[in-house]
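What follows is a short report on a single structure.
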Amino acid sequence: MSVLNKNSLRIPIVNHCNGLRMSENRIFILWIVYMGFIVLVLLFIGLMSGFIELSDICEATILKDAKDYCYFLSSKIKNDIGYCRAIENEFYRDECYLSFAKLMNNLSICNLIQMRLKKDECYRDIAITNGDYRICKEIGYYLYRDFCYFRIAIRDNNSELCHNILDENLKKRCHEELS
């Protein structure tokens with residue numbers, strides 16, 4: 001809809017109701033953001049003062065994945081492996097255990113991991129970190145196992161370990177690098 005002014009130009013009529021509605025929506029969104037910020041500040045103050053525990057925040061979370069992620073982050077913030085046990089999602093729980101096993105260089109934590117490939121990754125990383133080729137034989141996935149032997153062989157300058165590698169290309173490379 002438009003109107004004619006004295007110079008015969010068409011000027012559109014602005015629907016003030018829609019403009020008002022959009023303005024109210026923006027105010028409401030800004031209010032939500034502001035309140036969210038206030039809640040975060042209060043949570044931070046509560047956490048720092050010890051009035052609120054991270055586990056309380058995680059437990060109050062409604063969405064299952066968000067709750068699991070909350071426990072995962074809590075384990076990192078508090079440096080506490082106990083939060084990993086509260087994670088229901090196997091992937092997040094295993095990631096949590098894997099990170100602590102690496103951080104603490106603790107092979108027994110690898111045994112808490114359920115997913116075979118994650119457990120193999122854990123064994124591989126601990127073996128390489130410690131230079132303990134005996135751990136490599138516990139690895140089920142042959143590429144992780146081969147890489148484990150390869151890395152330790154190169155680091156320790158031990159060509160005998162190259163014989164344990166199944167992948168012919170990696171075995172050849174291992175011998176070449178050590179000759």
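List of remarks:
- Helices (runs of 4 or more DSSP H) completely within region 78-179 that count 3 or more residues being charged (D, E, K, R): 90-104, 116-130, 142-156, 168-178
- Test: residue in region 155-163 that is among the charged types (D, E, K, R) and buried (at least 16 other Cβ atoms within 10 Å of the Cβ): no
- In region 83-125, residue surrounded by the most Cβ atoms within 10 Å (Cβ to Cβ) [restricted to those that are closer than 18 Å to ASP65 by Cα and hydroxyl-bearing (Ser, Thr, Tyr)]: TYR97
Computed from the coordinates by the stated procedures, all read-outs in this text should not be read as laboratory data. This is a predicted model, so every value here is computed, not measured. All Cβ positions, even for glycine, are placed from backbone atoms using ideal geometry, and neighbour counts span all protein chains on display.
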